[in-house]
Amino acid sequence: MLTKLLDRVHGFIKLVDSSIVTARVGHHIATTAIMMCDPENKEWEIVLVDSIRELSSKGSEMAREIATGFADIDQVLYKVNLN
C-alpha cells in the first residue's frame, strides 16, 4: 500500500512539473496573440501563424493529459481517505 501511494505521489509531482511547462506554453501563446492583435505593433509579422497553431495544438494536448492525470490522482487520494 505504501509503495503504491509513493508511486502516486511521484506521479503527482510529475504532473505538477508538466503543468508548469504547459502554463509556460499557454503564456507564450497568449503573449504572441496579444502582440499579433496590436495594430501598432508590426513585430507580429515575424511570427508565423502555423507555428502558433502547432504550439496551440501541442499545448491543448498537454493540458488534456495533465487534466486526466490530476483526475486520476484525485480518485486515488479519495480512495486513500476512505481507507
Among Val25, Val76, which is modelled with pLDDT under 75 and surrounded by 10 or more Cβ atoms within 10 Å (Cβ to Cβ)?
Val76
If I ask for residues that are more than 16 Å from the chain's Cα centre (by Cα) and either surrounded by 11 or more Cβ atoms within 10 Å (Cβ to Cβ) or at pLDDT 80 or above (or both), which ones from the stretch 39-52 would you list?
Asn41, Trp44, Val47
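The values are calculated or read from the model by the stated rules, or taken from the named source; none is laboratory data. Model, not experiment: these values are computed from the prediction. Ideal geometry is used to build each Cβ from the backbone, glycine not excepted, and the neighbour counts take in all protein chains shown.
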